[in-house]
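In what follows, a structure is listed as structure tokens, so that the remarks can point back to it.
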Amino acid sequence: MCDCLSIILLVKMKKIYLKFVDFWDGFDTISNFIVDALSIQYEVVLSNEPDYLFYSCFGTSHLEYDCIKIMFIGENIVPDFNVCDYAIGFNYIDFGDRYLRLPLYAIYDGFSNLQNKKIDVNKALDRKFCSIVVSNNKWADPIRETFFKLLSSYKKVDSGGRAWNNIGGPVDNKLDFISQYKFNIAFENSRVLGYTTEKIMEPMQVNSIPVYWGNPLVGKDFNVDSFVNAHDFDSLERLVEYIIELDSSKDKYLEMLEKPWLLDKTYLDWKQLLLNFINNIMMKSYKDAKYLVNYGHAGKYRNEQRFWGRCERKFKLQRIIEYYSQLFDRK
């Protein structure tokens, strides 16, 4: 018992030198969910000369570092283990101790509340038909727009985002808006195994039944009896028919709505999952924890990636300089 306690105290006191690069706009590199989780057991020191680099897919700066690299993915891409030592993402990958599946929705504040589902029957039934909130449809699979238009041929689907807006402008509060509807179109931007995002979780938070499309294996994340799974239907027309059936029957609608959202509660303890994954890395010697090598084709591949990354950053910088030069010329 004492030995175990000593190990825990040792781990808690260990300093780890980190840096965050290439994350999405608005990501706080000083205070974030990764730092919060690691601070439970480690003294986190943010450094420009890190031992461990956390990075995402919104830039190429990570290619300039030669420390241990951990990629965090919140998008529909597969980690490149020729460039990162470890990765955290959506995909179902078995790659020894180098990968952790941790869907982004798990870190959202509202996720833990899904286990405490409470239904006000009268309020649930006394709502408008269906909502959708999409801010940017530029890079999305066209099936989302196709389905929105198809379902709208039955009843109006209120669109509260910037895409296809039909309510006079984008809504200020997404959850408040969704809560006013019996159904919500929760289509991902693409069909990718494992890629289950917050789109399905948001309507669940306010007891609006999601009409989901995206990850064909979404049943590994959420109870398939509690929402409409587009992957169960051989056509969008048949999917619409089923929604009409639910919309037309109070009993069938409530039967689905009263089902629990979660059956597998693995990701409710996401901080511990993340800690276990990181602990495995930190408890190794630095040499053993580092998988990337600088020799052979692996080194050549990474050098090529670094070259193209520098070209991309230089091109972007030139575009910025040209833009501001034109602004000053106009003045």
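The values are calculated or read from the model by the stated rules, or taken from the named source; none is laboratory data. Everything numeric in this text was worked out from a predicted model, so none of it was measured. Every residue, glycine among them, receives a Cβ derived from its backbone with ideal geometry; neighbour counts consider all protein chains shown.
Odds and ends about this structure:
- Answer from LYS123, LYS138 - the residue that is in a helix (DSSP H, G or I) and either touching a residue at least 40 places away in the same chain (Cβ under 8 Å) or surrounded by fewer than 15 Cβ atoms within 10 Å (Cβ to Cβ) (or both): LYS123
- LYS250 vs. criteria more than 23 Å from LEU125 (Cα to Cα) and surrounded by fewer than 20 Cβ atoms within 10 Å (Cβ to Cβ): no
- For segment 182-198, the criterion of being within 16 Å of ASP109 (Cα to Cα), without any contact (Cβ under 8 Å) to a residue 40 or more places away in the chain and not polar (S, T, N, Q) is satisfied by no residue at all.
- Checked against (1) closer than 18 Å to TYR195 by Cα; (2) surrounded by fewer than 18 Cβ atoms within 10 Å (Cβ to Cβ); (3) in contact (Cβ under 8 Å) with a residue 60 or more places away in the chain, ASP221 passes all but condition (2).
- Some residue of segment 76-95 being more than 30 Å from LYS314 (Cβ to Cβ) and part of a strand (DSSP E or B): yes
- Some residue of segment 162-181 being under 26 Å from ILE88 (Cβ atoms), assigned to a strand (DSSP E or B) and under 21 Å from the mean Cα position of the chain (by Cα): no
- Search result, residues across segment 17-48 that are among the aromatic types (Phe, Trp, Tyr), without any contact (Cβ under 8 Å) to a residue 60 or more places away in the chain and in a loop (DSSP other than H, G, I, E, B): PHE23, TRP24, PHE27
- A single entry from TRP164, TRP139 fulfils the requirement of being of a type in the set (A, V, I, L, M, F, W, C) and at pLDDT below 95: TRP139.
- Residue in segment 170-182 that is among the basic types (Lys, Arg) and within 18 Å of ALA124 (Cβ to Cβ) present: yes
- Subset tally (residues that are among the small types (Gly, Ala, Ser) and within 20 Å of GLU258 (Cα to Cα)) for segment 193-236: 4
- Checked against the criterion of being aliphatic (A, V, I, L, M) and out of contact with any strand residue (DSSP E or B) (no Cβ under 9 Å at 6 or more places or on another chain), segment 147-164 has at least one qualifying residue.
- Conditions (1) part of a loop (DSSP other than H, G, I, E, B); (2) farther than 26 Å from ASP269 by Cβ; (3) touching a Phe, Trp or Tyr at 6+ places or on another chain (Cβ under 8 Å); number of the one not met by HIS62: (1)
- Residue check, TYR105 crowded, with 20+ Cβ neighbours inside 10 Å, over 28 Å from TYR253 (Cβ atoms) and under 21 Å from the mean Cα position of the chain (by Cα): no
- Boolean, TYR286 is in the same structural domain as LEU18 (by the TED database), in contact with a strand residue (DSSP E or B) (Cβ under 8 Å, 6 or more places away or on another chain) and among the hydroxyl-bearing types (Ser, Thr, Tyr): yes
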